[in-house]
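J.: Next up is a structure, given as structure tokens.
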Amino acid sequence: MTLTIRDLSVAYDDVPAVRGVSLEVPDGSVLAVLGPSGCGKSTLLRGVAGLEQATGSVAWDGEDVTRLPTHRRGFALMFQDGQLFDHLTVGRNVGYALRLRSRGRAARATEHARVEELLALVGLEGYADRLPRTLSGGERQRVALARSLAHQPRLLLLDEPLSALDAGLRRHLAGELREILTRAGTTALMVTHDHEEAFSVADRLAVMREGRLVQEGPIDEVWRSPVDAGTALFLGYARVLEGDAARRVLAAAGAPAAAAVAVRRSAVVVDERGPLEGEVRSIRSTPQLQRLVVAVDGLGDLDAVAPLDHRTSPGDRVRLGVDVTRVAALAGD
Amino acid sequence: MTTTRRLLGLGALGLLPAAVLGVFFLLPVSGMVARGLVVDGSFEPGAVLEVLTRPRTGRVVWFTVWSSAVATLVAVLLGLPAAYSLHRLEWTGRRVVRACLLVPFVLPTVVVGVAFRQLIGESGPLGPLALDGTAWAILAGLVFFNVSVVIRVVGSAWESLDSRPGEAAAALGASPAQVFRTVTWPALRPAVVSAASVVFLFCATGFGVVLVLGGLAFSTVETEIYLLTTDLLDLQAAAALSLVQLVAVTGLLVLAGRLRAVPDPTVRRTTAPPRRPRRGDLAPLGATALLLLAIATPVLSLVVGSFREALPGGGSTWSLENYRALTGQGDNQALLVPVADALVTSIRVAVDATWMALLLGGLLAVLLTRRSRSRTERRVRSVLDGLFMLPLGVSAVTLGFGFLITLDEPPLDLRDSPLLIPLAQALVALPLVVRTLVPVLAGVDDRLRQAAASLGAGPVRALLTVDLPVVWRPLLASGGFAFAVSLGEFGATSFLARPDAPTLPVVIFRLIGHPGRLNYGMALAACVVLAATTALVMLAVERLRVPSLGAL
């Protein structure tokens, strides 16, 4: 019960958008494909769904579905903006896939029950008779999710499911989405450009750039050891240091030397016994800590953090330590 | 003060169109209606009833209704797959085929009639089928003429349908047929209904095609009015029928307007890029190919026929004789002037009709798209909108006939004015011009004009800065369209053209009705010349790519 993508390529008018991507999504897991806009991740998803003409192969559980048209693949695709059918009520939207498969009085009763069950699952009880246009963005996405889950697709494809929503709602819904997918035991392939979203929903992570897959693995592993500088920056690391600077930071962290190192904004901490020293250039307070920019001797400007009760001001000299869990050693280019 | 000035300004804009419409449309039409209702100075609606209870009238009305309904249905069924293939799929030659399939719509009705007669006539390629003089011939002619309307209206709606809801449905397991039934069709239905209502209107008021193909055996209300007036001189019966038609058509127009008025807000508009055909698209592509064949056959047989010369002893041979004869007046004094002169007259009239239609249509479009600042203003606008659409539905025959009986005495004795025919034709083309310009002007964000005003531009300057750059292309296109319509206009012109200064369609009709060895061949050659002129104008117009063109 595994989705296997082998060497999948899609081109638009001879311009390649996806180049030879191979991936596996095991049963019951959620894989997030993460990449900047325009990297070809949505095209990859459309290729898997059968909406684009692709070369390579897509197989489910050993069965090659590459030649099957979209509607016979048994994969459900949830669009970025939901794509609800505006002329149908919420209930009829959710029951759409069920109605395609069976008709008759008994089927209608089952459909009704299933729609209620799904609306409860996404927290929209009693919305069955509303029209999609009367819903908020978050509600529309929930309906779209319920609609995609209705016929228990063997694979759910999610195209930036939350990115059309505002930040607060996005964070909230990401957690819910994770819970709903786990509870329904759904295998899912999601693409997104937002690493927070990927971390909160997925089990595994694949990073895509310029149509190619650059790294794939369990979330913490990808997070801890990004494959190159570009990936590290995209995953939310603040800076990448190379050469001598990398060696000194790694040494300060007590880690083995490497050609380059990616540093998070909170990796460098003000610490009286720290091995590095520098001059504070600016300070900004946030609710949890103070964020400093420090001109470290021989290294240049680095982001650093200090506890809120630490008194310092621009021009002061401070000593700095490096938190080894917040840096990632990179192989050189 | 400024409000009053604004309203005065708008009123001044509307003055010219209103005056023209009043004198050259409402007056003739009401004069004609009065002719039916008033007998010897007293109001007698009974006369109308008498005409309506004649068995022939019943037959005519019944034929009009069923032939229009069937032709509409067939046109829609044939037009849908073509609209899909031409607007949603990308394939080599798509644009050429699209242009070819749109040609029939602008072909003069007389030409279409003659082309079909040539095709199915005794000596034509389809002669053995013995379709000549049957209702099928008329139906085929009506469908030929109107399929392009369906393709145009439905195609542009289909083109702007978002493809993602359909993809979402497919991803939920809907087969292409189910996607069409549950997603595409609901979104497309308004356009189809609107196209069908327009086609029905065109069929029901179709004149040239029915007159040429139907002869005396089959008559629609429109041709019956013509026959009653010109052959039987029963003006009262003609007026009564016109009255019936006026009521029916106005009703239909209101209905069509209702259906059109709601560009379904639930449908998201984005122009989807056409995609390459897949295996499942073979059926619509095949249907399109067949349609192309069906459209091309009568046209080709017309062209071929025009190059055949009938020999005195029977049989025929290739020759240019028919074209050479166009400088003459036909056999047996068929014509008072050479055909070439008629072509010159046609073009001169069409030029006049075009500037009139553009002037009136432009003024109206500006008037109709200014933002209404009060409820009354809005209401006046919507009434105006409907009023100026009337010429579309009121039969051209009624209009021409009305001109004849109302503009014949001082101070409005205009029968000999050279502007009379252009005016009538301009009125016929006016709705097309307005319908092309209004969506364009309405699409201009009013805040742009406000921005221009806030930067110090007066109303005229704002118009030049904001509206003109958007509107010149549609203006040019609708001008070409009006020109083409005017070139082929036959209904009103057939009443108004003087025998010594006929237009080309009138000459063609006269030639096919006049015995003589060369006359029929000349008619074919004249048809080719007229069709080629119109097609050239339309191809030029098509290159301007104005989406709202001809979308009624």
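J.: Restricting attention to segment B:271-291, report how many residues are more than 19 Å from A:Gln53 (Cβ to Cβ) and surrounded by fewer than 15 Cβ atoms within 10 Å (Cβ to Cβ). Show your work before the answer.
T.: Within segment B:271-291, the subset more than 19 Å from A:Gln53 (Cβ to Cβ) is B:271, B:283, B:286-291.
Keeping just the survivors that are surrounded by fewer than 15 Cβ atoms within 10 Å (Cβ to Cβ) gives B:271, B:283, B:286, B:289-290.
Total meeting the criteria: 5.
J.: When segment A:46-74 is examined, which residues are found to be at the interface with chain B (Cβ under 10 Å from one of its Cβ atoms), under 30 Å from A:Thr231 (Cα atoms) and not small (Gly, Ala, Ser)?
T.: Result: A:Arg46, A:Leu51, A:Glu52, A:Gln53.
J.: Let me ask another. List the strands (runs of 3 or more DSSP E) inside segment A:207-268, counting only whole elements, that have at least 1 residues being closer than 28 Å to A:Leu23 by Cα and acidic (Asp, Glu).
T.: The strands (runs of 3 or more DSSP E) meeting that bar are A:212-218.
J.: Pairs needed: first member in segment B:169-188, over 16 Å from A:Arg46 (Cβ atoms) and facing chain A (nearest Cβ under 7 Å); second member anywhere, crowded, with 20+ Cβ neighbours inside 10 Å and among the polar types (S, T, N, Q); C-beta distance under 8 Å; at least 6 residues apart or different chains.
T.: Pairs that qualify, where the first residue is over 16 Å from A:Arg46 (Cβ atoms) and facing chain A (nearest Cβ under 7 Å) and the partner is crowded, with 20+ Cβ neighbours inside 10 Å and among the polar types (S, T, N, Q), are B:Ala174/B:Thr182.
J.: Of all residues being β-branched (Val, Ile, Thr), under 27 Å from the mean Cα position of the chain (by Cα) and part of a strand (DSSP E or B) in segment A:274-333, which is modelled with the highest pLDDT? Just the residue, please.
T.: Filtering first and then ranking leaves A:Val305.
J.: Ok, one more. Is there a residue in segment A:42-54 that is under 22 Å from A:Gly211 (Cα atoms), assigned to a strand (DSSP E or B) and in the same structural domain as A:Glu221 (by TED's automatic domain parsing)?
T.: Yes, some residue in segment A:42-54 is under 22 Å from A:Gly211 (Cα atoms), assigned to a strand (DSSP E or B) and in the same structural domain as A:Glu221 (by TED's automatic domain parsing).
J.: Condition test on A:Gly243, is it surrounded by fewer than 17 Cβ atoms within 10 Å (Cβ to Cβ) and either at positive phi or among the basic types (Lys, Arg) (or both)? Full working, then the answer.
T.: Working: surrounded by fewer than 17 Cβ atoms within 10 Å (Cβ to Cβ): yes; either at positive phi or among the basic types (Lys, Arg) (or both): yes.
Yes.
J.: Another question, if that's okay. Given the structure, is B:Ser123 at pLDDT below 85, polar (S, T, N, Q) and either closer than 27 Å to B:Ala492 by Cβ or in a helix (DSSP H, G or I) (or both)?
T.: no
J.: Further, regarding this structure: Taking segment A:98-117 on its own, how many of its residues are part of a helix (DSSP H, G or I) and within 13 Å of chain B (Cβ to nearest Cβ)? Steps first, answer last, please.
T.: Initial filter on segment A:98-117 (part of a helix (DSSP H, G or I)): A:98-101, A:105-117.
Now drop any that are not within 13 Å of chain B (Cβ to nearest Cβ), which leaves A:98-101.
Result for segment A:98-117: 4.
J.: Moving to a separate point now. Going by the structure shown, is A:Arg140 surrounded by 15 or more Cβ atoms within 10 Å (Cβ to Cβ) and not in a loop (DSSP other than H, G, I, E, B)?
T.: So A:Arg140 fits the description; yes.
J.: Moving on. Output the residue which, of all residues in segment A:128-137 that are part of a helix (DSSP H, G or I) and surrounded by fewer than 18 Cβ atoms within 10 Å (Cβ to Cβ), is farthest from the other protein chains (Cβ to nearest Cβ).
T.: A:Gly137
J.: Of the residues that make up segment A:225-241, is at least one under 26 Å from A:Phe75 (Cα atoms) and touching an Asp or Glu at 6+ places or on another chain (Cβ under 6 Å)?
T.: We begin by selecting, within segment A:225-241, every residue under 26 Å from A:Phe75 (Cα atoms); these are none.
No, segment A:225-241 contains no residue that is under 26 Å from A:Phe75 (Cα atoms) and touching an Asp or Glu at 6+ places or on another chain (Cβ under 6 Å).
J.: Among the residues of segment A:71-97, how many are part of a loop (DSSP other than H, G, I, E, B), within 26 Å of the chain's Cα centre (by Cα) and of a type in the set (A, V, I, L, M, F, W, C)?
T.: Counting residues in segment A:71-97 that are part of a loop (DSSP other than H, G, I, E, B), within 26 Å of the chain's Cα centre (by Cα) and of a type in the set (A, V, I, L, M, F, W, C) gives 2.
J.: Same structure, new question: Looking for whichever is among the β-branched types (Val, Ile, Thr), surrounded by 16 or more Cβ atoms within 10 Å (Cβ to Cβ) and farther than 29 Å from A:Ala32 by Cα here; the options are A:Val327, A:Val280. Which one fits?
T.: Working: A:Val327 fails: farther than 29 Å from A:Ala32 by Cα.
Testing whether each residue is among the β-branched types (Val, Ile, Thr), surrounded by 16 or more Cβ atoms within 10 Å (Cβ to Cβ) and farther than 29 Å from A:Ala32 by Cα leaves just A:Val280.
Table: residues versus (1) buried (at least 23 other Cβ atoms within 10 Å of the Cβ); (2) away from chain B (no Cβ under 11 Å).
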position	(1), (2)
A:Ala76	yes, no
A:Arg92	no, no
A:Gly95	yes, no
A:Ala120	no, yes
A:Gly126	no, yes
A:Ala146	yes, yes
A:Leu156	yes, no
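J.: Still on this model: Looking at B:Thr271, B:Thr266, which is the one that is closer than 30 Å to A:Leu145 by Cβ, within 14 Å of chain A (Cβ to nearest Cβ), at pLDDT below 80 and not in a helix (DSSP H, G or I)?
T.: Values: B:Thr271 fails: within 14 Å of chain A (Cβ to nearest Cβ).
Checking each option against the conditions leaves just B:Thr266.
J.: From the residues in segment A:165-182 that are touching a residue at least 40 places away in the same chain (Cβ under 8 Å) and aliphatic (A, V, I, L, M), which one is nearest to A:Leu135 (Cα to Cα)?
T.: A:Ile180
J.: Given (1) small (Gly, Ala, Ser); (2) within 14 Å of chain A (Cβ to nearest Cβ); (3) within 24 Å of B:Leu102 (Cα to Cα), identify the lone condition not met by B:Ala157.
T.: In the conditions (1) small (Gly, Ala, Ser); (2) within 14 Å of chain A (Cβ to nearest Cβ); (3) within 24 Å of B:Leu102 (Cα to Cα), B:Ala157 misses (2) alone.
J.: Still on this structure: For B:Ser494, state whether it is over 22 Å from B:Arg117 (Cα atoms), crowded, with 22+ Cβ neighbours inside 10 Å and among the polar types (S, T, N, Q).
T.: No: the conditions fail for B:Ser494.
J.: Continuing with this model, one more query. Looking at segment A:158-165, is at least one residue out of contact with any strand residue (DSSP E or B) (no Cβ under 8 Å at 6 or more places or on another chain) and either surrounded by 14 or more Cβ atoms within 10 Å (Cβ to Cβ) or within 14 Å of chain B (Cβ to nearest Cβ) (or both)?
T.: Yes: segment A:158-165 contains one or more residues that are out of contact with any strand residue (DSSP E or B) (no Cβ under 8 Å at 6 or more places or on another chain) and either surrounded by 14 or more Cβ atoms within 10 Å (Cβ to Cβ) or within 14 Å of chain B (Cβ to nearest Cβ) (or both).
J.: Could you go through segment B:344-362 and let me know if any residue there is out of contact with any strand residue (DSSP E or B) (no Cβ under 9 Å at 6 or more places or on another chain), over 30 Å from B:Ala140 (Cα atoms) and modelled with pLDDT under 85.
T.: Checked against the condition, which is being out of contact with any strand residue (DSSP E or B) (no Cβ under 9 Å at 6 or more places or on another chain), over 30 Å from B:Ala140 (Cα atoms) and modelled with pLDDT under 85, segment B:344-362 yields no hits at all.
J.: Another question, then. Where in segment B:128-216 are the helices (runs of 4 or more DSSP H), entirely inside, with at least 1 residues that are among the basic types (Lys, Arg)? Give the steps one after another, and end with the answer.
T.: On the way: elements: B:135-159, B:164-171, B:176-179, B:185-204, B:208-214.
Result: B:135-159, B:164-171, B:185-204.
The values are calculated or read from the model by the stated rules, or taken from the named source; none is laboratory data. All values derive from a computational prediction rather than experimental measurement. Positions of Cβ are generated from backbone atoms using ideal geometry, with glycine treated the same way; all protein chains shown enter the neighbour counts.
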